[in-house]
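See below for the structure under consideration.
The values are calculated or read from the model by the stated rules, or taken from the named source; none is laboratory data. Since the structure is predicted, the reported quantities are computational estimates derived from the model, not experimental observations. FYI the Cβ positions are ideal-geometry reconstructions off the backbone, even for glycines, and counts take in every protein chain you see.
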Amino acid sequence: MQRPIHLLHDSRMLARMIGVEAPCCDMVAMPTSGKAEPFCACTLANPLREDFLLDLDAPSERFLCYSGSLNDDLFADEPSNWMQLGQAQFEKFLDDTAPALKANQRRLCLRPHRRHVLGDLPGCVKFLRERVTANLTGPFELCLSPIEMLAPSMLEPPQALYEHLQRMFAHLGPASSCVLLADIKAPTALDDVERCLELLPLGTGVLDRGIVLALLEEFVPVSTPILLISAAVEQQLNWFRTQN
């Protein structure tokens, strides 16, 4: 069985291409083969802001969004996200959102990021245990986005990087609803060591393809959808097709 692969398209650009009204979301994950049904509607808004809304007119019953930050700048360094205040706000968001999601038969797939309230391996394991596997009919899911959970300081030496990835895939891969895969480049200056890593198309950065494919093979069910950024599309698809 071939893994289902979806591209995260800019929703407005995609709408212009196919001649329809732009959907009320930032991105739409569309399959690279088969029936053209969106896997999820992605929003880049901060769910911990009071004005956060999920629009029921989105083109998918599944929403993909970050877990959020107490900082108005979603990607600013905000230490309180990992402290009691941030975690309590995250739990409140989940409790407040669950009834509406269930009533409208929608699912919310959370995308971890190292600067957000759901940003490290222990936090993701706790989320899966308490909000997903403990309630299989509940409205919450997890997207394994390993690159977004890394800090630049975790990239060297290469062996350390792959140890981090191995733990993420081993603990989160079997229960995640999708995997967002991207490549990365190591920082080139000392002042870049704590910046957010840029997501690059697969095959354009430093990731060892063979190791990542082996982690997928070992820990992620073949039916689990793979999400890719919409760039260098043919190169990324060949990344999967080419034999080792």
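Comparison of 131, 209 shows that the only residue that is out of contact with any Pro (no Cβ under 7 Å at 6 or more places or on another chain) and more than 16 Å from residue 66 (Cβ to Cβ) is 209. Scanning segment 32-44 for residues being under 16 Å from the mean Cα position of the chain (by Cα) and either surrounded by 16 or more Cβ atoms within 10 Å (Cβ to Cβ) or of a type outside the set (A, V, I, L, M) (or both) gives a total of 6. Note on segment 49-105: among residues that are charged (D, E, K, R) and crowded, with 18+ Cβ neighbours inside 10 Å, the one that is farthest from residue 30 (Cα to Cα) is 78. Exactly one residue among 202, 216 is at pLDDT 95 or above, closer than 25 Å to residue 37 by Cβ and not in a loop (DSSP other than H, G, I, E, B), and that residue is 216. Taking the condition of being of a type outside the set (Asp, Glu) and at pLDDT below 95, how many residues in segment 50-66 meet it? Of the residues in that region, 7 qualify. Among residues of segment 52-63 that are within 14 Å of residue 11 (Cα to Cα), those with a Cβ under 7 angstrom from a residue that is of a type in the set (S, T, N, Q), sequence gap 6+ or separate chain, pair up as 63/43.
Against the conditions (1) under 20 Å from residue 180 (Cα atoms); (2) among the acidic types (Asp, Glu); (3) at pLDDT below 85, residue 37 satisfies every one except (3).
Pairs meeting the criteria (first residue in segment 150-166 and more than 13 Å from residue 208 (Cα to Cα) and of a type in the set (Gly, Ala, Ser), second residue at pLDDT below 85 and not in a helix (DSSP H, G or I), beta carbons under 7 Å, at least 6 apart or on different chains) are 151/194; 153/193. Of all residue pairs spaced 6 or more apart or on separate chains, those with beta-carbon atoms under 6 Å, a first member in segment 203-222 that is without any contact (Cβ under 8 Å) to a residue 60 or more places away in the chain and a second member that is in a helix (DSSP H, G or I) and surrounded by 14 or more Cβ atoms within 10 Å (Cβ to Cβ) are 203/239; 211/162; 215/169; 219/169.
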